[in-house]
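Please treat every number below as a calculation from the coordinates, not as lab data. Fair warning: this is a prediction, and the values are worked out from it, not measured in the lab. Note that each Cβ is placed from the backbone with ideal geometry, even for glycine, and that neighbours are counted across all protein chains shown.
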Amino acid sequence: MKKGKARTFQSRLQEDIKDPEFKAHYQEERQALKLAMKIAELRDFASSAFCIP
């Protein structure tokens with residue numbers, strides 16, 4: 001087994017993102033993740049807005 005510098009996620013991503021097919025799938029999944037995070041944020045806001053202290 002080779003010993004040397006460990007690869008980080010960022011270095012692997014920069015390498016993989018050069019592949020057009022990978023890049024398209026990555027961007028699609030990233031958009032889906034952003035949308036899911038925004039929905040979760042809005043749900044949290046809505047549930048806290050209707051709570052009576």
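A few notes on this one:
- Read-out Cα Rg over 2.2 N^0.38 Å, derived from the coordinates shown; its label in [x] 1.47; [y] 1.90; [z] 1.05: [y]
- Gain in span if fully extended, K3 to M37, counting 0.36 nm per residue against the direct Cα distance: 8.4 nm
- Using the Cβ of E15 as centre and a radius below 15 Å, the other residues enclosed give a net charge of +2, where K and R count +1 and D and E count -1.
- In order through the range 38-46: 3J(HN,Hα) via Karplus (6.51 cos²θ - 1.76 cosθ + 1.60), integer Hz, x for Gly, Pro: 5, 4, 4, 4, 5, 5, 5, 4, 5
- Label-point gap, in nm, between E21 and A49 - each point 7 angstrom along Cα→Cβ: 4.4
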